[in-house]
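Structure record follows, encoded as structure tokens.
The values are calculated or read from the model by the stated rules, or taken from the named source; none is laboratory data. Please read these numbers as outputs of a predicted model, since none were measured by experiment. Note: ideal-geometry Cβ built from the backbone for every residue, glycine included; neighbour counts use all protein chains shown. Keep in mind that these areas ignore ligands, DNA and RNA; they rest on the heavy atoms of the full protein, side chains included. Shrake-Rupley method; radii C 1.70, N 1.55, O 1.52, S 1.80 Å.
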Amino acid sequence: MALESASQPGNRAIVQHSAIDVRLVLFAIHQGELWVAVAQVQERWGLPSVNLHQGESLDAAALRALREQLGIEHRYIEQLYSLAIEDAAVPSVLISYLGIADAGALTASLPGAEWQQAQAMPEISQIDARIVDYALVRLRAKLGYTTIAFHLLPTTFSLSELQQVYEIVLGRELDKRNFRRRIQTAE
């Protein structure tokens, strides 16, 4: 549906709609490293991305990006933030998501999809790099007040494995005694 210009009475000029782009930063832990899923579009690497279909929820679009561009299932997704792209030919809105993949997801991907180490990402757009950086900031922050780390682990895990996830995401070692005390008091 197009909108009519309201600047002058009787003016029936058509205003083009803005696009809604849904992008996903999907994290997983593998071999002691934090990994991010990327998809190749027109010979460039980038975050999995789809345009929102009419009548589709934002969450459904993010899950569709996972299936269509990566061929994997998620374990956890949440909306990260929204960004207006005003300098494009058609103004658009970008809705980004943070996601966590199942533990074995690094082996199941479609052609044109890859997992890259978060610290050694291929060249991606400046916007995608900003989204990945913010998603990592959000993931690190959520370690302090949620159980999001559990989503990065297999169904059963040890306390040492949980500490290793915290250390990988935070990028630093934690004192074993303090970590265990903090986990025990959080219960």
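What to note about this one:
- Taking amide H as placed 1.01 Å from N in the peptide plane, Leu80 has its amide H under 5 Å from the amide H of Ser96, Tyr97, Leu98, each at least 5 places away in sequence or on another chain.
- 1.4 Å probe accessible area per residue over the chain, in Å²: 59
- Taking Cα atoms only, the orientation of helix 159-170 departs from the longest principal axis of the chain by about 40 degrees.
- Note on the chain: antiparallel DSSP beta bridges, both residues inside, total approximately 75 percent of the bridges counted.
- Ellipsoid equivalent to the stretch 112-187 - semi-axes via the Cα gyration tensor, in Å: 27, 13, 11
- Shape index of the stretch 60-187: Rg/Rh, with Rg the Cα radius of gyration and Rh the Kirkwood radius from the inverse mean 1/r over Cα pairs, equals 1.00.
- Restriction of the chymotrypsin sites (Phe, Trp or Tyr not before Pro) in the stretch 98-187 to DSSP coil positions whose beta-carbon has at most 16 other beta-carbons within 10 angstrom yields Tyr145, Phe157.
- Per-residue HN-Hα couplings for the stretch 77-86 [Karplus 6.51, -1.76, 1.60; θ = phi - 60°; Hz; x = Gly/Pro]: 9, 8, 5, 8, 6, 10, 9, 8, 9, 8
- Charge dipole of the stretch 47-143 about the Cα centre (unit charges at C-beta), most positive-ward option of Leu98, Leu66, Asn51: Leu98
- With respect to the chain, whose longest principal axis is taken over its alpha-carbon atoms, helix 176-186 is tilted by about 60°.
- When the helices of the chain are scored as -39500 (n - 2.57) per DSSP H run of n ≥ 4 and the total is divided over every residue, the value at 222 nm lands at -8000 deg cm²/dmol.
- Placed amide H near Leu26: partners under 5 Å, 5+ positions off or other chain: Ala37, Gly99
- Distribution of pairwise C-alpha distances over the stretch 13-80, 10 Å bins, in %: 18, 47, 24, 8, 2, 1
- Note on the chain: dipole from Cβ charges, positive end direction compared against Gly112, Val38, Leu162; the farthest Cα belongs to Leu162.
- Between the amide H of Val41 and those of Gly46, distances stay under 5 Å, these residues lying 5 or more places away or on another chain, with hydrogens modeled in the peptide plane.
- In degrees, nearest ten, helix 126-143 long axis to first principal axis of the chain (Cα): 40
- Rolling a 1.4 Å probe over the protein chains gives Ser125 an accessible area of about 40 Å².
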